[in-house]
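Written out below as structure tokens is the structure these notes cover.
Read-outs: derived from the displayed coordinates by stated rules, not from any lab. Predicted, not measured: the structure shown is a model, and the values here were computed from it. All Cβ positions, even for glycine, are placed from backbone atoms using ideal geometry, and neighbour counts span all protein chains on display.
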Amino acid sequence: MGRITKNRKASLEKLEKDKAYSIEEAAELVKEITHAKFDASVDIDVRLGVDPRKANQMVRGVVSLPHGTGKEIRVLAMVTPEKEQEAKDAGADFVGLDEYIEKIKGGWTDIDVIITMPPVMGKVGQLGRILGPRGLMPNPKSGTVTMEVGKAVSEVKQGKIDFKVDKFGIVHTSIGKVSFTADKIKENAIEFMNMINKLKPSSAKGTYIKSVYISSTMSPGIEVESKSFID
């Protein structure tokens, strides 16, 4: 085992062993125990009582966080000419179609989200082998294939995130930055967990939310009481 750094040791000393904290306490603590010299991301990990191998227990959704993620999201709008200005006005970082198809085929993927339209999915679909493994392939279920291009771009820029359970039954995503106030971290976490609760599969048996942890890029995980998110 590697040596524990002074900062990590100090962080661990602030956490009570085997204690699950309220979301209010956890939001305060994650700020206290983060000693990074940069504005670290605040992440949430939720272990669910589902079997992702079964199609009827797949948990996937989108949620707009009230205070955004704090990250600068780079958006590519792959649209027809008449929709280009709409995408630009909404804040898209890159706008076009054929030139970006060629650019991506050449290996360029310096983007976070792609917004496109149903009429051009035939062209965009050619990039599946490149975009799919990177989680960049547009999908109607996540609202990234739509005729309302401007609205979709704005929502992503303002903090709309796409998430899904992994093969281990865990949903992991970023819900803010350490520079956020504790209240903003709490409110983002609650909004995210409300969506997780809404997406509970009817076929899921037993305990749905098994554990919730909040951490920063450079901190230990803080267990949060599941009841913090149940009305």
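What the table below lists for this structure:
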{"read-out": "Length gained when the stretch residue 103-residue 32 is fully extended (0.36 nm per residue, less Cα-Cα span)", "value": "21.2 nm"}
{"read-out": "Spacing of the two label points (7 Å from each Cα toward its C-beta) at residue 166 and residue 126, in nm", "value": "3.4"}
{"read-out": "Packing-based order for 157-168, 172-183, using average beta carbon neighbours within 10 Å, highest first", "value": "172-183, 157-168"}
{"read-out": "Dipole of the stretch 75-157 [Lys/Arg +1, Asp/Glu -1 at C-beta], most positive-end residue of 80, 122, 94", "value": "122"}
{"read-out": "Set of lysines with alpha-carbon distance to residue 205 below 21 Å, sequence-local pairs under 8 removed", "value": "54, 164, 167, 227"}
{"read-out": "The chain - mean residue ellipticity at 222 nm from DSSP helices (-39,500 (n - 2.57) per run, n ≥ 4, rounded to 500)", "value": "-8500 deg cm²/dmol"}
{"read-out": "The stretch 37-88-the stretch 125-198 distance, computed between alpha-carbon centres (Å)", "value": "1"}
{"read-out": "Loop sites in the stretch 16-112: trypsin sites (Lys or Arg not before Pro), DSSP, at most 16 other Cβ within 10 Å", "value": "17, 19, 37, 53, 54, 71, 74"}
{"read-out": "About the Cα centre, charge dipole magnitude for the chain (Lys/Arg +1, Asp/Glu -1 at Cβ), debye", "value": "940"}
{"read-out": "FRET efficiency, 1/(1 + (r/R0)^6) with R0 30 Å, evaluated for residue 17 and residue 139 via beta carbons", "value": "0.15"}
{"read-out": "Fewest-first ranking of 69, 217, using other Cβ atoms within 10 Å as the exposure measure", "value": "217, 69"}
{"read-out": "Simple Cβ-charge dipole of the stretch 17-80, Lys/Arg +1 and Asp/Glu -1, about Cα centre, in debye nearest 20", "value": "380"}
{"read-out": "Farthest toward positive dipole pole in the chain [+1 Lys/Arg, -1 Asp/Glu at C-beta], among 203, 147, 158", "value": "203"}
{"read-out": "Net lengthening on full extension, residue 147/residue 181 (0.36 nm per residue, minus Cα-Cα)", "value": "8.6 nm"}
{"read-out": "Difference of contour (0.36 nm per residue) and Cα-Cα distance, residue 190 to residue 110", "value": "25.7 nm"}
